[in-house]
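Participant: Before we start, here is the structure in question, set down as structure tokens.
Readers should treat all values here as calculations from the given coordinates under stated rules, not as data from a laboratory. Computed from a predicted structure; not experimentally measured. Positions of Cβ are backbone-derived with ideal geometry, glycine not excepted, and every protein chain shown enters the neighbour counts.
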């Protein structure tokens with residue numbers, strides 16, 4: 001039998017990068033001792049594996065329909081310009097502010113002379129102490145200034161040296177463009193988690209992006225902002241060169257580089273042309289097709305703000321842009337066509353319909369020659385630098401030739417990492433925030449978690465009883481479980497088990513004032529068989545009614561989407577819905593707290609006015625917040641709770657998933673503030689953990 005945390009070859013392919021590198025490292029990264037099945041090989045009950053997919057798709061489709069209605073109302077140039085201004089403002093709100101510009105401290109480390117151009121290997125600092133490695137392709141034997149292009153790389157082990165990315169940089173240079181192509185964070189010469197051999201400890205590309213990016217949310221940062229800032233500073237460097245015409249500067253890239261090209265159109269107005277390749281589709285298509293994308297590809301609040309991929313291009317309208325798509329791409333070409341149609345109307349209203357184009361290559365994902373040639377032709381039509389659309393003969397360089405550092409990593413030069421900055425920001429926030437007193441915590445939580453309107457007692461369904469064969473291992477004192485599917489909001493049900501000495505097919509009886517509610521870590525069904533805490537609770541309070549609950553996305557509603565058994569992978573279904581929750585401006589922990597408050601409301605209506613709220617692991621996050629907010633909770637027991645978000649933010653390595661993290665939480669409070677407040681409710685913590693699951697927190 002496969003374990004719960006088994007991942008597919010496709011998972012490891014994504015995590016290791018588009019070249020499937022670092023599979024062994026990726027597999028180790030995804031594994032955790034907490035994710036093993038129980039000793040009896042029992043397969044945990046999971047009767048609602050598609051609940052979350054339906055819920056999220058319905059929300060995004062409604063937003064998409066509202067978007068079409070909004071666009072349909074545009075009927076004049078003034079309407080179109082107002083729309084462009086509005087999306088620029090929304091993009092600023094999503095991405096957050098950029099830092100002040102600081103000296104680039106650029107230097108050329110070596111020069112490679114070729115027949116019609118030279119390559120300068122360059123280092124510059126996008127932030128103080130954060131070194132960016134880049135190659136500058138400068139045409140020779142031409143009259144300057146020439147058009148300039150910033151090249152952004154997609155996922156690859158070797159970043160700017162990857163064949164497809166070298167190819168477009170060199171192809172542009174041979175036609176007369178000055179091209180600056182730089183390594184993305186976590187790729188090429190910019191690994192953020194290098195070991196003593198200058199190899200990634202977690203996996204190149206996606207794995208590094210998720211590791212650094214998810215953690216940044218805690219301090220109110222967005223990894224896409226940091227990635228885009230590198231591109232903005234790359235443009236600053238390009239424009240500092242006398243060989244470059246500041247009136248003709250473009251940006252292009254593929255896949256993850258297509259993402260950055262798209263985002264850069266939205267956040268930087270100096271571009272005069274752009275060509276994103278193999279990225280532009282719609283958030284809706286990615287969601288419907290169960291396609292996870294990196295942290296930086298999912299801007300916070302983007303869906304809630306009504307933004308779509310094409311809006312980032314619209315922010316540059318009516319400047320020339322070509323969308324480069326692929327017929328066989330996993331980025332759905334139907335979304336590319338929809339984006340193009342929407343932009344075409346906008347450009348038509350602005351009187352520049354000829355400035356927007358779409359090219360769809362016949363092959364699969366990648367910056368292949370046909371897409372590169374479509375880009376050359378489009379840029380040449382804008383700049384008139386060349387009348388050729390064909391790719392010149394290329395000479396692919398060895399990685400070492402394009403190296404900017406002695407041994408291939410900026411880490412050896414002492415470059416700061418994203419995690420270093422995250423730690424520093426966390427420390428600054430701790431000083432400015434101080435301790436939050438209990439009396440101030442409730443309004444902060446209600447506002448921050450968007451829970452001012454606490455859910456009323458919900459409706460529920462009574463599910464058919466489980467056969468005895470499916471209850472083997474349940475506590476002998478109460479071997480029966482009645483299951484209530486509690487509707488916490490349209491499309492969402494929390495699954496509540498009520499343990500009893502006999503079978504019931506009825507509503508919960510009002511048989512006791514006091515009850516225990518156990519919030520599961522991963523599965524009520526599994527933990528009723530194996531979790532000692534549940535048995536300890538029953539032993540300590542034999543007369544209390546015991547309930548357990550699986551909040552959304554846990555246990556009975558653990559998603560069966562994205563890839564088979566992908567739930568616990570860094571790029572799997574738990575991450576998928578967590579990152580979409582951030583784009584919808586409803587963080588997953590807040591949604592799960594909402595579920596738990598709804599269940600507490602139900603129990604209160606039943607007559608349970610004194611609740612002992614217990615939880616384990618992931619369940620301790622919503623349990624902590626709900627315990628503070630609900631008046632029926634009189635006692636709290638937390639096992640394996642996270643010691644603090646600060647600990648997680650300041651640790652290079654951590655296990656807690658995005659679904660347990662709150663964006664910007666450390667700007668407002670930390671978990672110890674909550675634990676202090678819960679002292680009044682007899683809080684008992686058992687084996688609290690630090691950033692790693694299997695590491696006990698030492699206070």
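Participant: What ranking of 340, 367 emerges when the number of other C-beta atoms within 10 Å of each C-beta is taken as an exposure proxy, fewest first?
Facilitator: Details: 340 21, 367 28.
Final ranking by Cβ density, sparse to dense: 340, 367.
Participant: How big is region 492-623 in terms of Cα radius of gyration and Dmax, in angstroms?
Facilitator: 15.5, 45
Participant: Where does each of 425, 181, 396 land when they are ranked from fewest to most other beta-carbon atoms within 10 angstrom?
Facilitator: 396, 425, 181
Participant: Moving on to the next point. Using alpha-carbon positions, what is the distance between the centroids of region 241-287 and region 113-177, in Å?
Facilitator: 16
Participant: How high is the relative contact order of the chain, in percent, counting Cα pairs under 8 Å that sit 6 or more residues apart?
Facilitator: Numbers: 1476 pairs, mean separation 110.8, N = 699.
Value for the chain: 16 percent.
Participant: With all distinct Cα pairs included, what does the Kirkwood hydrodynamic radius of region 595-699 come out to in Å, to one decimal, could you say?
Facilitator: Values: mean 1/r = 0.0704 Å⁻¹.
Final number for the Kirkwood radius of region 595-699 is 14.2 Å.
Participant: Using the C-alpha atoms of region 152-228, what convex hull volume per residue, in cubic angstrom, is computed?
Facilitator: Details: hull volume 6.8 nm³, N = 77.
Roughly 88 Å³ of hull volume per residue.
Participant: Additional query: Relative to the present Cα-Cα distance, how much length would full extension add between residue 407 and residue 341 at 0.36 nm per residue of separation? Write down the numbers at each step before the final one.
Facilitator: Numbers: separation 66, 0.36 × 66 = 23.76 nm, distance 4.72 nm.
Extending this stretch completely gives an extra 19.0 nm.
Participant: Among DSSP beta bridges whose residues both lie in region 134-203, state the antiparallel percentage, nearest 5. Spell out each step's value before the answer.
Facilitator: Working: 5 of 10 bridges.
About 50 percent, rounded to the nearest 5.
Participant: Given labels modelled 7 Å from the Cα in the Cβ direction, how far is it in nm from residue 50 to residue 387?
Facilitator: Using points 7 Å along Cα→Cβ, the separation is 5.8 nm.
Participant: Just to be sure I understand the curve: with the Debye formula and one point per C-alpha of region 123-259, what is log10 I(q)/I(0) at q = 0.10, 0.12, 0.18 Å⁻¹?
Facilitator: So the normalised log intensities are -0.33, -0.47, -0.98.
Participant: Ok, one more. Out of all DSSP beta bridges in region 74-426, what portion is antiparallel? Express it as a percent rounded to 5. All intermediate terms of the calculation are to be shown ahead of the outcome.
Facilitator: Values: 21 of 45 bridges.
Taking every DSSP beta bridge with both residues in region 74-426, the antiparallel ones total about 45 percent.
Participant: Still on this structure: Take the alpha-carbon centre of region 555-573, take the same for region 82-106, and report the distance between them in whole Å.
Facilitator: 34
Participant: Quick one: what Rg and Dmax do you get for region 513-573 from the alpha carbons, in Å?
Facilitator: Considering region 513-573 through its Cα atoms, Rg and Dmax are 14.4, 44 Å.
Participant: Right, next: Nearest 10 degrees, 0 to 90: what angle lies between the long axis of helix 206-216 and the longest principal axis of the chain (Cα atoms)?
Facilitator: Taking the Cα atoms of the chain, the angle to 206-216 is about 60 degrees.
Participant: By how many degrees, between 0 and 90 and to the nearest 10, does the Cα long axis of helix 77-95 differ from the longest principal axis of the chain?
Facilitator: 60
Participant: Given just the C-alpha atoms of the chain, how large is their convex hull per residue in cubic angstrom? Intermediate values should be presented prior to the final figure.
Facilitator: Details: hull volume 106.1 nm³, N = 699.
Output value, Cα hull per residue: 152 Å³.
Participant: Determine, from the Cβ-Cβ distance of residue 535 and residue 288 and an R0 of 41 Å, the FRET efficiency 1/(1 + (r/R0)^6), rounded to the nearest 0.05.
Facilitator: Numbers: r = 43 Å, r/R0 = 1.05.
The formula returns an efficiency of 0.40 here.
Participant: For the chain, give me the percentage of DSSP beta bridges that are antiparallel, rounded to the nearest 5 percent. Mind showing how you got there, number by number?
Facilitator: Numbers: 38 of 83 bridges.
So the antiparallel bridges in the chain amount to around 45 percent.
Participant: Cα axis of helix 438-448 to longest principal axis of the chain: angle in degrees, 0 to 90, nearest 10?
Facilitator: 50
Participant: In what sequence do 330, 222 fall when counting other Cβ within 10 Å, fewest first? It would help to have the intermediate numbers written out before the result.
Facilitator: On the way: 330 14, 222 22.
In order of increasing Cβ crowding within 10 Å: 330, 222.
Participant: While we're here: If region 74-426 were replaced by its equivalent ellipsoid, with semi-axes equal to the square roots of 5 times the Cα gyration tensor eigenvalues, what would those be, largest first, whole Å?
Facilitator: Numbers: eigenvalues 162, 129, 69 Å².
Largest first, region 74-426 gives 28, 25, 19 Å.
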